[in-house]
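The values are calculated or read from the model by the stated rules, or taken from the named source; none is laboratory data. Note that the structure is a prediction, hence the values are computed from the model and not measured. Cβ sites come from the backbone with ideal geometry, for glycine too, and all protein chains shown count toward neighbours.
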Amino acid sequence: MDRTVIGEAGRISRPNLPLLLLKARESVIRPFRPIFNRYDLTEQQWRVLRLLADQTEVEQREVAEACQILGPSLAGILARLEEAGLVRRARAKADQRRVFVTLSAKGKRLIAEMAPLVDAEYQRLESALGGELMASLITVLDRLLELPAVTENGEAPT
């Protein structure tokens, strides 16, 4: 794919980074989908379960932010996961508006069962990219995520 900067009048002179990132995301997630399907999970449900597997208890609004899921969508996802017995939600005693989410024992067993399959896909990806490129990619993405947000007018917030 040609990534040259064209610079002609009326043309954008940079590669379409958002589109490239979307295509890269699709390329990375595609091999994981059969695993999610095997366990009757959506990608969003997996993101929530994966987050909870790495942390003991997470406030619902933090789950939304960490998993990049809008609040109303997350409410439905958590309801389905709770109905399946994979997560538990509890309101904070001091502030009933705050809801904390944890992985249930059944959810922990599911993660343990899925982990070897997920790890195998990560190993295949790392073999395809090479360990050095994989580490560099993660470093670059982490650095990109650390950049300050840009406002609608293109200026960094002060």
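Some observations on this one:
- Those residues of segment 63-103 which are more than 15 Å from Arg47 (Cβ to Cβ), loosely packed, with under 12 Cβ neighbours inside 10 Å and not acidic (Asp, Glu), in sequence order: Pro72, Ala90, Ala92, Lys93, Ala94, Gln96, Arg97
- Looking at Glu113, Glu121, Glu126, just one residue is surrounded by fewer than 12 Cβ atoms within 10 Å (Cβ to Cβ) and closer than 19 Å to Phe32 by Cα, and that residue is Glu113.
- Candidates Arg38, Arg3 - the one that is modelled with pLDDT under 95 and in contact with a helix residue (DSSP H, G or I) (Cβ under 9 Å, 6 or more places away or on another chain): Arg3
- Of all residues in segment 64-84, those being in contact with a Lys or Arg (Cβ under 8 Å, 6 or more places away or on another chain) and acidic (Asp, Glu) number 1.
- Residue check for Glu126: in contact with a Phe, Trp or Tyr (Cβ under 7 Å, 6 or more places away or on another chain) and either of a type in the set (Phe, Trp, Tyr) or over 19 Å from Ala66 (Cβ atoms) (or both): no
- Filter pass, Glu121 being over 16 Å from Gln44 (Cβ atoms), outside any loop (DSSP other than H, G, I, E, B), in contact (Cβ under 8 Å) with a residue 60 or more places away in the chain and of a type in the set (Asp, Glu): yes
- Tally of residues being surrounded by 11 or more Cβ atoms within 10 Å (Cβ to Cβ) and under 21 Å from Leu125 (Cα atoms) across segment 4-26: 5
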